[in-house]
Structures are given as C-alpha cells and as structure tokens.
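What follows is a short report on a single structure.
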Amino acid sequence: MAGLARPVLNLLISKSWERFDRLPESGFIACPNHSTEIDPLIVGHAMYGAGRLPRYMAKESLFRIPIAGWFLTKTRQIPVARSSRGAKESLELAGQILNEGSVAIVYPEGTLTRDPDMWPMKGRTGAARLALQTGAPVVPIAHWGAQELLPRYGNRLHVFPRKRVRVVAGNPVDLSDLQGTPMTKAVLVEATDRIMKAIADLVGELRGETPPATLWDPAAHGQTLSGRNYEQEDAGHNGQAPEQGRADPSEQSGEQR
C-alpha cells in the first residue's frame, strides 16, 4: 500500500517531515490534528518514511467495504466498534500492536475539526484511555498544508500549484502523574486536554500563529459530532447544544475518523 500511495503523494506535494528524530523507537501512540480526509495518507507517508509502520484506529464500517476492508485487515489496522464489547476488543488489539512495537495512530478529535479557522478542536478521551491503560507514550503530531490539496470535506483535489505540506512531531505528552490513578472521567478529560493542547501548540508553530486559549467545542455550538452536515443545527435541539448524557462509543475506545 505504501508503494502505491507514496509515489503519488510525492508528485502532489512538496513535503517536510520535521523533528521526527524525537519519535520513540517503538510502541507509541501518535495523535495528529485532523483537518481533511487526506490526512491519514499524509501522516502515514511521514511515519513510513521515518521507518515506522502506522496502524490506524478507524471506524468499523470501513472494514466491511469490499477490497478496502481486506487491505485494512491484512495490514492490521484497528477497527473501532460502537458497542461496549467491541470497544474493549479495539483497545485490547491496540494494546497488542503497541506491545509489538508498532505505532497506533489515533485522531483524538474523532472527526475533522469543526473549528471555522481550522484549529484543532476539543478532543475525545479514547487516546487518553489507551495511553493510561497501556502506559505507551503519546506523541503529538501536527501537519499543515494538506487542507489546500483537499479542502475539508472537499470532493476534488486542488493539484495546481503543487502544495507544500509540513508534518512536525512533538515531545511525548507528560501523563506520568495520571498513570496508576483511577481512570475517572476527570482524569481522562485532563489527559485529553493535555494532548490537545500539545497538538494545538504544534499547529500554531506551523502556522506562525497562537492557537486559541479554549479549543472549539462542537457541542457548545450546536454542531453534530459526525457527518458532513455538521454546520446544520440539529432541529431536535432547537439550536441548543446536543444532549450531554448520551453515550459516546469513542470515549470507550479509540477515536473514529
């Protein structure tokens, strides 16, 4: 798959992989920002070029697509299920992959950012849960430029002029004080906030701007947490934020792209 995708990407973009020498040798969780549907190819390109085999946590439905699902299974990507039992199995599989020394790529935002200015938004707790459960280091990853090649939820590539894409790796997020503590909601939220702040700071570095002090919260703006029509308010909420008590399967497992 890398042999097919990387030559094409090299034609489409001029790339810059920065500070990848600080990546752990093996067995870590990579948490990138998510601004366009081509992100996984960009991040995978960078990881593969750094000598790491990327394993993505991706929604289970992708594994049921003919041919594509076969490739995902054979390359040991990690299906994220919606049921509690499936979520537990997803975390167990991710733990196995980390123990074998591979990289588990988790998008903590869970979907493409809803922030109007393309900053990372409030994260979900799947990546934090995986990190605290396994003890694997969490490396924030930021990229910028891919959204010019394929705009957020765009339907076609903007090939000309050739786009420049930068991907930078940060230092592992310090979660040491949270390790070994009860995995309460407060602990998971604190760990998630640290991860998202580290990602946002890296994105700000690439953009030459200061990220917002408070990351965009889709629920607070009446936006859905999935789907392309996220800007349309849910009529059932009359423009108010979605119901807060509803279970979110990605809180139990890894995040879904």
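Observations on the structure shown:
- Scoring residue 111 on the criteria (1) in contact with a Phe, Trp or Tyr (Cβ under 9 Å, 6 or more places away or on another chain); (2) modelled with pLDDT of 95 or more; (3) closer than 25 Å to residue 86 by Cβ leaves a single failure, condition (2).
- Subset of the range 59-108 that is among the aliphatic types (A, V, I, L, M) and part of a loop (DSSP other than H, G, I, E, B) - its residue that is nearest to the chain's Cα centre (by Cα): 106
- Selection within the range 1-36: residues that are of a type in the set (Asp, Glu) and modelled with pLDDT under 95. The member of this set that is most open to solvent (accessible area, probe 1.4 Å) is 25.
- Each residue in the range 173-198 was checked for being in contact with a strand residue (DSSP E or B) (Cβ under 8 Å, 6 or more places away or on another chain) and open to solvent by 20 Å² or more (accessible area, probe 1.4 Å), and 2 pass.
- Verdict on residue 131 being at pLDDT 95 or above and within 13 Å of residue 106 (Cα to Cα): yes
- Boolean, residue 170 is over 19 Å from residue 46 (Cβ atoms), touching a helix residue (DSSP H, G or I) at 6+ places or on another chain (Cβ under 7 Å) and open to solvent by less than 10 Å² (accessible area, probe 1.4 Å): no
- In the range 4-32, the residues that are over 26 Å from residue 124 (Cβ atoms) form Cβ pairs under 7 Å with partners that are open to solvent by 30 Å² or more (accessible area, probe 1.4 Å) and assigned to a helix (DSSP H, G or I), at six or more places apart or across chains, as follows: 5/41; 6/48; 9/41; 17/49.
- Scope the range 61-92; condition at pLDDT 90 or above, surrounded by 19 or more Cβ atoms within 10 Å (Cβ to Cβ) and not β-branched (Val, Ile, Thr); matching residues: 72, 77, 79
- The range 134-167: number of residues that are open to solvent by 70 Å² or more (accessible area, probe 1.4 Å) and modelled with pLDDT under 95: 1
The values are calculated or read from the model by the stated rules, or taken from the named source; none is laboratory data. Owing to the predicted nature of the structure, the values given are computational and were not obtained by experimental measurement. Every residue, glycine as well, gets a Cβ built from its backbone with ideal geometry; the counts of neighbours run over all protein chains shown. Side chains are part of the model used for accessible areas, which takes the heavy atoms of the whole protein and leaves out ligands, DNA and RNA. Shrake-Rupley method; radii C 1.70, N 1.55, O 1.52, S 1.80 Å.
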